[in-house]
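One structure below.
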Amino acid sequence: MSRPRILVTRKLPTDVEARALSHFAATLNPDDGPSAREDILANAQGKDGLLVTVTDRIDAALIAALPASIRIISTFSVGYDHIDVAAAQARGIAVTNTPDVLTDATAEIALLLILGAARNAASGMATLREGRWKNWAPTGMLGTELSGKRLGILGLGRIGRATAHRARAFGMEIHYHNRHRLPPELEAGARYHADIASLFGASDVFSIHCASTPDTRGIVNRETIALLPHGAILVNTARGDIVDDEALIEALASGRLGAAGLDVYNNEPNLHPGYLNLSNAFLLPHLGSATLETRNAMGFRALENLEAFFAGNTPRDLVVP
Ligand code: DGY
């Protein structure tokens, strides 16, 4: 039997591409660079499946225009808000993602952001690199200690729990909001807030770990930021559209919030320019899963989902709308 034909839209780690080529008739993207939708549509001709990433906007219009031969879209990401899963399902196209394998890497970046924001890392680094560091000062660049502070986690799922686990080692007290309370073994002592407003009020550091959905988009806005304690820190490793940029920038500029640590943005990579002028914004370019170990694991998981599907089995990470 001939091997299934897949289109891989971005350059993937070497070992992942080698496996893609050994299991599939794979069309790779050696030059990389996000694909324009016309390229995806043109290159999808004659393929059985797509292996896409968060930079590919697979909306209803694109799904409607895909050739009838496409039966599965496997995304190299845990998030799948870039794919209209309902539209795919309506056309009989399966969608899979890559949960679990990026949990630790993303939690590590969340801790980096919490520390970087709390300890003025952005302005400290700029002071040094721009030759503005004149001397050690008893009152210079004072940050906030994490020990004894309350970490509010919006979305105590896999990544939220891995972040909580690491934050406990820094002496932080964990609070969280989910739609449903978790069993005690998963809470591990974290305090549940059934009402999200109560979580905002109880968070010295507020860290976002929920998926981007119609319910969570824009949930961090002027009204909810006003509920945070004065000088609180906001951290986002989930998705940019959960935050209202104008509201956050205003709160950081006025000192209403102490600092922010951000890895994800609205309209990536063209983030709101207002962030770039804020010395209390510690910013990274969507590095949450960016380790070779994790990117390999994501690639293998995305391929395993394709392999299972084309072998006639239900893929492990089938996404349902
Ligand atoms: C994901 O997987 O959803 C991340 O945002 C990219 O690694």
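The values are calculated or read from the model by the stated rules, or taken from the named source; none is laboratory data. Note that the structure is predicted; figures quoted are calculated from it, not measured. Don't worry about glycine lacking a Cβ; one is built from the backbone with ideal geometry, like all the others, and counts go over all protein chains shown. To get the accessible areas, we keep the full protein, side chains included, count just its heavy atoms, and leave off ligands, DNA and RNA. Shrake-Rupley method; radii C 1.70, N 1.55, O 1.52, S 1.80 Å.
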Problem - Residue satisfying condition, being within 16 Å of the ligand (Cβ to nearest atom), out of contact with any Phe, Trp or Tyr (no Cβ under 9 Å at 6 or more places or on another chain) and open to solvent by 30 Å² or more (accessible area, probe 1.4 Å), within set D56, D81 - result: D81
Practice task
Those residues that are among the hydrophobic types (A, V, I, L, M, F, W, C) and open to solvent by less than 20 Å² (accessible area, probe 1.4 Å), I need them from the stretch 104-150; list them, please.
Solution key: A105, A107, A110, L111, L113, I114, A117, A118, L146
Exercise for the section: Just give me the residues in the stretch 151-169 being open to solvent by 70 Å² or more (accessible area, probe 1.4 Å) and touching a residue at least 40 places away in the same chain (Cβ under 8 Å), in sequence order. Expected result: R158, H165
Exercise for the section: Answer yes if at least one residue in the stretch 167-187 is outside the structural domain of A65 (by TED's automatic domain parsing), part of a helix (DSSP H, G or I) and within 16 Å of the ligand (Cβ to nearest atom), and no otherwise. Expected result: no
Practice task
Answer yes or no: is there a residue in the stretch 146-158 that is assigned to a loop (DSSP other than H, G, I, E, B) and farther than 30 Å from P183 by Cβ.
Solution key: no
Practice task
Evaluate the stretch 229-239: report whether one residue or more is touching a residue at least 12 places away in the same chain (Cβ under 8 Å), within 16 Å of the ligand (Cβ to nearest atom) and open to solvent by 30 Å² or more (accessible area, probe 1.4 Å).
Solution key: yes
Practice task
Write out, first by first residue and then by second, each pair whose Cβ atoms fall under 7 Å of each other, whose residues are 6+ apart or on separate chains, and whose first residue, in the stretch 87-103, is among the polar types (S, T, N, Q) while the second is open to solvent by 60 Å² or more (accessible area, probe 1.4 Å).
Solution key: Q89/P321; T96/L318; N97/Y80; T103/R158
Handout entry: So A190, is it surrounded by 13 or more Cβ atoms within 10 Å (Cβ to Cβ) and either more than 16 Å from the ligand (Cβ to nearest atom) or not assigned by TED's automatic domain parsing to the domain that holds L142 (or both)
Key = yes
Handout entry: Total residues in the stretch 266-321, condition within 15 Å of the ligand (Cβ to nearest atom) and closer than 30 Å to A118 by Cα
Key = 17
Practice task
Under 8 Å between Cβ atoms, at least 6 apart or on separate chains: pull out the pairs that start in the stretch 109-126 with a residue that is closer than 18 Å to A164 by Cβ and modelled with pLDDT of 95 or more and end on any residue that is charged (D, E, K, R) and in a helix (DSSP H, G or I).
Solution key: A110/R166; L111/R166
Fill in the blank from the handout: If we keep only residues of the stretch 18-53 that are in contact (Cβ under 8 Å) with a residue 40 or more places away in the chain, more than 20 Å from A87 (Cα to Cα) and open to solvent by 20 Å² or more (accessible area, probe 1.4 Å), then the residue nearest to the chain's Cα centre (by Cα) is R19
Practice task
For the stretch 107-119, state whether one or more residues are over 30 Å from L151 (Cβ atoms) and basic (K, R).
Solution key: no
Problem - Tally of residues being more than 16 Å from the ligand (Cβ to nearest atom), on the phi < 0 side of the Ramachandran plot and of a type outside the set (A, V, I, L, M) across the stretch 94-121 - result: 2
